[in-house]
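Visitor: Below is one structure. I have some questions about it.
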Amino acid sequence: MDFEQLRTYVSLTNSKNFTRTADEMNVVQSTVTARIKLLEEEVGKKLFIRKTRNLELTDAGKTFLSYAKQTLEIMNEAIKATRIKSNYNSSLVIGGLNSLWDTPIFDHINNYQSIYSNTAIRLITGHSKDIIEKIQYGLIDVGFVYNPPYSSFFNVYNIREESISLVGSTKLVAKLNTLTSDFVSDIPFIHYNWGSDFSEWFEEEIGRNETMRYRVDHTGVALRLILKGEGIGFMLNSIIDKYEKEGLISSVLYKPKIEIPKRKIYMICSKKKKEKVNVFWQNMIDENSD
């Protein structure tokens, strides 16, 4: 079993067609067929069901797929880590939710790299579950998540607790009076889900509203829309702080029926990597304790 066999297999699971996979990998179709045949012989199971126009994964193929993807990812990370070693004394792979790169956590990481300039840093964005899994497989050294794992495999530290406010562009907010929970149906609203606690609060406080102007899954997009005056939305206070100081964003006068939940942020790593990440770990704790 080799790298090209696995790459071909994963490509074929996506295209479900030998010809398309051959074109994608810039090889002849017979090469794709041979690689899959050899792979199935090594695994000892049929991975595909051949149909007239396409392919379908067998149960064995479905089981093998997740491991194949993980193996390819580990191999790619190993190649990258080896290349980095030639220019830097050490490397650190840090995972985080997209919303966290707009908070002071990003600035603290940047400050760390300026102090330890011989450390190459790679940032990976993903959901909490993805980041936790990649830490387990050794693909990420340290992660920042909202929902921490409850396992003895990890070191977990509650690094920040963020307040959430309803905000809008200063020009838009100036036109608004004090709002109550029925505002979504009357005012253009930009919705970003700040996690399960916030989602539960939002449904109880405001309800399930399908008439929102925007629903987005990236805080950077939500922030740009708010700055453009496209509507109001809930944001972490640390994200909007600098924009408030510049007079670009203002908090909306809002009286919730139920207090808006705060958003806890956790730093996690594998206990096996404690020694490798110890300096960074302690530095982040010090930075966020100010």
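Visitor: I'd like the distance separating the alpha-carbon centroids of the stretch 216-238 and the stretch 96-156, in whole Å.
Guide: Their Cα centres are 23 Å away from one another.
Visitor: Okay, next question. Roughly how many nanometres apart are two label points built 7 Å out from the Cα toward the Cβ at SER152 and THR125?
Guide: 3.7 nm
Visitor: If you consider only alpha-carbon coordinates, what radius of gyration and Dmax does the stretch 148-280 have, in Å?
Guide: 17.4, 55
Visitor: Which whole-percent values make up P(r) of the stretch 158-235 when all C-alpha to C-alpha distances are grouped in 5 Å steps starting at zero?
Guide: It works out to 3, 14, 27, 27, 19, 7, 2, 1, in whole percents.
Visitor: Calculate for the chain the 222 nm mean residue ellipticity that helices alone would give, adding -39,500 (n - 2.57) per DSSP H run of length 4 or more and normalising by residue count, nearest 500 deg cm²/dmol. Intermediate values should be presented prior to the final figure.
Guide: On the way: 11 runs with 131 residues, N = 290.
My calculation for the chain gives -14000 deg cm²/dmol from helical runs alone.
Visitor: With Kirkwood's inverse mean 1/r over C-alpha pairs for Rh, give me the Rg to Rh ratio of the stretch 3-81, two decimals please. Mind showing how you got there, number by number?
Guide: Values: Rg = 12.4 Å, Rh = 12.8 Å.
Rounded to two decimals, Rg/Rh equals 0.97.
Visitor: Right, another one. Compute the acute angle (0 to 90°) between the alpha-carbon long axis of helix 59-85 and the principal axis of greatest extent of the alpha-carbon atoms of the chain; round to the nearest 10°.
Guide: Helix 59-85 sits at roughly 80 degrees to that axis.
Visitor: Also, quick follow-up: Using the beta-carbon distance between GLN29 and THR71 and R0 = 30 Å, what value does 1/(1 + (r/R0)^6) give for FRET efficiency, to the nearest 0.05? If you can, show how the numbers build up before the last one.
Guide: Numbers: r = 24 Å, r/R0 = 0.81.
Given R0 = 30 Å and the Cβ-Cβ separation, E is 0.80.
Visitor: In addition: Going down the table (LYS242/LYS273; LYS45/LYS134; LYS175/LYS264; LYS242/LYS276; LYS171/LYS245; LYS171/LYS242), which pairs top 26 Å between alpha carbons?
Guide: Numbers: LYS242/LYS273 35 Å; LYS45/LYS134 28 Å; LYS175/LYS264 32 Å; LYS242/LYS276 33 Å; LYS171/LYS245 15 Å; LYS171/LYS242 17 Å.
In this structure, LYS242/LYS273; LYS45/LYS134; LYS175/LYS264; LYS242/LYS276 lie more than 26 Å apart at Cα.
Visitor: Report the antiparallel proportion of the DSSP beta bridges in the chain as a percent, rounded to a multiple of 5. Working shown, then result.
Guide: Working: 22 of 36 bridges.
Looking only at bridges with both residues in the chain, the antiparallel portion is about 60 percent.
Visitor: Using amide H atoms built in the peptide plane, which far-off residues or other-chain residues are under 5 Å from SER251 H to H?
Guide: Placed amide hydrogens put nothing under 5 Å from SER251.
Visitor: A further question on this structure: With N residues in the chain, what two-decimal value do you get for its Cα radius of gyration over 2.2 N^0.38 Å? Show your work: numbers first, answer last.
Guide: Values: Rg = 23.9 Å, N = 290, 2.2 N^0.38 = 19.0 Å.
Compared with the compact-globule rule of thumb, the chain sits at 1.26.
Visitor: Given charges of +1 on the Cβ of Lys and Arg and -1 on the Cβ of Asp and Glu, with all other atoms neutral, how large is the dipole of the chain about its Cα centre, in debye to the nearest 20?
Guide: Numbers: 38 positive and 36 negative charges, 182 e Å.
Charge dipole, the chain, about its Cα centre: 880 debye, nearest 20.
Read the figures in this text as sums done on the coordinates, not as results from a lab. Keep in mind that what you see is a predicted model, and the values were worked out from it rather than measured. Cβ: placed from backbone, ideal geometry, glycine included. Neighbour counts: every protein chain shown.
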